[in-house]
Amino acid sequence: MTTGRARPACGLSFRKLMSFLSLDFSACQIQECGAMTDATMTSDKNGETAERQARTRGRPKTRSDEAERHRIVRSARELFLDVGYGGTTMDAVAARCGVSKRTLYLLFPAKTDLFRAMMADHRRSMLALPRPEGEDLPLLEALAAIFRLDIDEIDNRERLAFVRLVLADSDRFSEIGELIVQEGAEPARRLLEDWLSAQQARGALRAFPADALARMLMDMIFSVLIKRFPGDRLLTVEDRARHARLCLEVFLEGAATKAR
């Protein structure tokens, strides 16, 4: 079995496969020919019990599953950026992260599950939503925080590298396009739409369709993150922040109420 391959069309998931392979065969009673004495059966059962206890004792866990998931996602991200989606295998991920394949498959049954977690992590690097409860910032500053205009150069390079990876591989691997819809742009737009609706409810924004406002904002702010045509140059972090803030000001001139 090639572990790095996308989930097969037949619908057999890695989760089901791993469940099959990890069946506790010691629970299956095999009727052997001939008579078996009670003493032999008791001895066999005791041996099986001791073996199971030895297997489960092992090395004590040093991280929670959630902490281990986060560590694997961060390490695997580097591997995906190095060799691309198609070149990344679960064997290579396990080696890069220093975990057994069994542990990796327990936390991420397939490569698509791992990439899904990476996509959700990336979404949070693009939009800081939802906002803290009770936050009371001016609209311009709130939107600047949502779109992370204060991001540093290192974090910005990482998120741009992931954007380029997704754009480069999404045409070749249909599952990436599906994950973008499920974990990327669409959930991000809905979160932004919910926030804008809340601002409309408190009278800070005019009653334009919130979904259209969300699309408009994302198009304006994210348009300079990548090269839009051959020969286009990428802006520096500082130029990008200035451009984005100007976009927000123009947006609010038309969308905000006078009371903002």
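Can you tell me how many residues within region 103-129 are over 21 Å from Ser174 (Cα atoms) and either open to solvent by less than 10 Å² (accessible area, probe 1.4 Å) or in contact (Cβ under 8 Å) with a residue 12 or more places away in the chain (or both)? Reasoning before the result, please.
Quick first cut of region 103-129, residues over 21 Å from Ser174 (Cα atoms) only: 103-107, 124-129.
Those still in the list that are either open to solvent by less than 10 Å² (accessible area, probe 1.4 Å) or in contact (Cβ under 8 Å) with a residue 12 or more places away in the chain (or both) too: 103-107, 125-129.
Of the residues in that region, 10 qualify.
Conditions (1) at pLDDT 95 or above; (2) more than 30 Å from Glu186 (Cα to Cα); (3) not in a helix (DSSP H, G or I), marked per residue:
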position	(1), (2), (3)
Lys45	no, yes, no
Glu51	no, yes, no
Glu66	no, no, no
Arg71	yes, no, no
Val93	yes, no, no
Arg96	yes, yes, no
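Is there a residue in region 141-155 that is assigned to a loop (DSSP other than H, G, I, E, B), at pLDDT 95 or above, under 17 Å from Leu252 (Cα atoms) and open to solvent by 70 Å² or more (accessible area, probe 1.4 Å)?
Scanning region 141-155, I find no residue that is assigned to a loop (DSSP other than H, G, I, E, B), at pLDDT 95 or above, under 17 Å from Leu252 (Cα atoms) and open to solvent by 70 Å² or more (accessible area, probe 1.4 Å), so the answer is no.
Being more than 18 Å from Leu137 (Cα to Cα), outside any helix (DSSP H, G or I) and open to solvent by less than 40 Å² (accessible area, probe 1.4 Å) narrows it down to one residue among Asp171, Asp232; which is it? Lay out the reasoning, then the answer.
Numbers: Asp171 fails: open to solvent by less than 40 Å² (accessible area, probe 1.4 Å).
Only one candidate qualifies: Asp232.
In region 201-211, is there at least one residue being closer than 29 Å to Phe115 by Cα and either in contact with a helix residue (DSSP H, G or I) (Cβ under 7 Å, 6 or more places away or on another chain) or not in a helix (DSSP H, G or I) (or both)?
yes
Sort through Asp155, Asp169 and tell me the only one that's free of Cβ contacts under 8 Å to residues at least 60 places away in the same chain and either of a type in the set (A, V, I, L, M, F, W, C) or within 30 Å of Ala94 (Cβ to Cβ) (or both). Quick ask: steps written out before the conclusion?
Details: Asp169 fails: free of Cβ contacts under 8 Å to residues at least 60 places away in the same chain.
On inspection, the qualifying residue turns out to be Asp155.
I need every pair where a residue in region 173-201 that is more than 19 Å from Asp121 (Cβ to Cβ) and in contact (Cβ under 8 Å) with a residue 24 or more places away in the chain has its Cβ under 7 Å from the Cβ of a residue that is open to solvent by 40 Å² or more (accessible area, probe 1.4 Å) and basic (Lys, Arg), sequence separation at least 6 or different chains.
Correct list of pairs: Trp195/Arg131.
Report the residue count in region 99-135 for those that are assigned to a loop (DSSP other than H, G, I, E, B) and in contact with a helix residue (DSSP H, G or I) (Cβ under 8 Å, 6 or more places away or on another chain).
11
Quick test of your reading of the structure: Asp239 fulfils all but one of (1) in a loop (DSSP other than H, G, I, E, B); (2) open to solvent by less than 60 Å² (accessible area, probe 1.4 Å). Name the failing condition by number.
Only one criterion in (1) in a loop (DSSP other than H, G, I, E, B); (2) open to solvent by less than 60 Å² (accessible area, probe 1.4 Å) is unmet by Asp239, namely (1).
The values are calculated or read from the model by the stated rules, or taken from the named source; none is laboratory data. Quantities reported herein were computed from a predicted structural model and do not represent experimental measurements. Because the Cβ atoms are built from the backbone with ideal geometry, glycine has one as well, and the counts that use them run over all protein chains shown. Calculation scope for accessible area: heavy atoms of the full protein, side chains included, ligands and nucleic acids excluded. Shrake-Rupley method; radii C 1.70, N 1.55, O 1.52, S 1.80 Å.
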